[in-house]
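This report refers to the structure that appears directly beneath it.
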Amino acid sequence: QWRGVVFTNESTVCCKWDKNRQAWKALHNWNDPLYTQRLAASGHTCINLYAVITYAGLGPLVRVDSNLEPKECVDIIDTVVVPYLLDGPFPDGAFVLQQDPSPTYTSKTVTEHLDEQCILTMEWPSKSEDLTPMKSVWSAVKERICRKRLVEPSADLLWAMVKKEWDRLREVPDLVAGFYLSMPEHLRNVVRLEGAAM
């Protein structure tokens, strides 16, 4: 039943040298504007990204200048998401779009536009990005970036490296399909733990 769901997500990628652990780590947070602003103010190089995945694999990866506004979200849906889905995994248009339940995606501008385009959407609980396969995808990308040990990279260099790793992960057979297939068990565990972190 999950194969027809298209998952989308925004994420921020930053790199910082951790002197205590003597290792590079990626600092990221899932759609928390306050946290994103703090990272930007710290002087670390950060880029904001919007990504799409389907059961067939990794979809488009878009670099955005800041947290998406409703009009920008509509533009990405029209010019990136829908064309990719119709030209690729869902030529018949039989898909359900899952988006973050943040103010941007639940705004009147976005929801009315999706209704006008007859795009079905899936309701999703707030602060539950970790329930989607996107979390596993972002983790895989960010772990690869960490291994690069970039020294004060520019935003453009960081973007180039992320895009390169994204394209490499596209070549991993059944990577995303595996994340999708684990969804039922993942959700059962959430129910068993009564919503507690796993």
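Couple of notes before you dig in:
- Residues satisfying the criterion are present in the range 115-124 (criterion: touching a residue at least 40 places away in the same chain (Cβ under 8 Å) and either closer than 25 Å to N189 by Cβ or within 13 Å of the chain's Cα centre (by Cα) (or both)).
- Matching residues in the range 169-198 - criterion: being modelled with pLDDT of 85 or more and farther than 19 Å from T8 by Cα: E171, V172, P173, E185
- Some residue of the range 153-167 being modelled with pLDDT of 95 or more and farther than 14 Å from V13 by Cβ: yes
- Exactly one residue among K135, K163 is within 22 Å of S66 (Cα to Cα), touching a strand residue (DSSP E or B) at 6+ places or on another chain (Cβ under 7 Å) and surrounded by 12 or more Cβ atoms within 10 Å (Cβ to Cβ), and that residue is K163.
Table: residues versus (1) surrounded by fewer than 18 Cβ atoms within 10 Å (Cβ to Cβ); (2) within 16 Å of W2 (Cα to Cα); (3) not polar (S, T, N, Q).
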| position | (1), (2), (3) |
| --- | --- |
| D75 | yes, no, yes |
| P83 | yes, no, yes |
| A94 | yes, yes, yes |
| D100 | no, no, yes |
| T104 | no, no, no |
| V110 | no, no, yes |
| M122 | yes, yes, yes |
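- Checked against the criterion of being among the polar types (S, T, N, Q), modelled with pLDDT of 50 or more and surrounded by fewer than 20 Cβ atoms within 10 Å (Cβ to Cβ), the candidates N67, N9, N29 yield just one match: N67.
- Test for E165: is it of a type outside the set (V, I, T), in a helix (DSSP H, G or I), more than 19 Å from W2 (Cβ to Cβ) and touching a Lys or Arg at 6+ places or on another chain (Cβ under 6 Å): yes
- All positions within the range 53-82 that are under 18 Å from the mean Cα position of the chain (by Cα) and in a helix (DSSP H, G or I): P70, E72, C73, V74, D75, I76, I77, D78, T79, V80, V81, V82
- Consider the range 92-110 and keep the residues that are in contact with a strand residue (DSSP E or B) (Cβ under 8 Å, 6 or more places away or on another chain) and at pLDDT 95 or above. The one that is farthest from W124 (Cα to Cα) is F95.
- Residues in the range 169-182 that are surrounded by 13 or more Cβ atoms within 10 Å (Cβ to Cβ) and in a helix (DSSP H, G or I): L169, R170, L175, V176, A177, F179, Y180, L181.
- Some residue of the range 70-84 being at pLDDT 95 or above, among the hydroxyl-bearing types (S, T, Y) and under 23 Å from W159 (Cβ atoms): yes
- Those residues of the range 84-109 which are within 18 Å of the chain's Cα centre (by Cα), more than 13 Å from A56 (Cα to Cα) and not in a loop (DSSP other than H, G, I, E, B), in sequence order: V96, L97, Q98
The values are calculated or read from the model by the stated rules, or taken from the named source; none is laboratory data. All values reported here derive from a predicted model rather than from experimental measurement. No Cβ is skipped: glycine too gets one built from the backbone with ideal geometry, and neighbour counts run over all protein chains shown.
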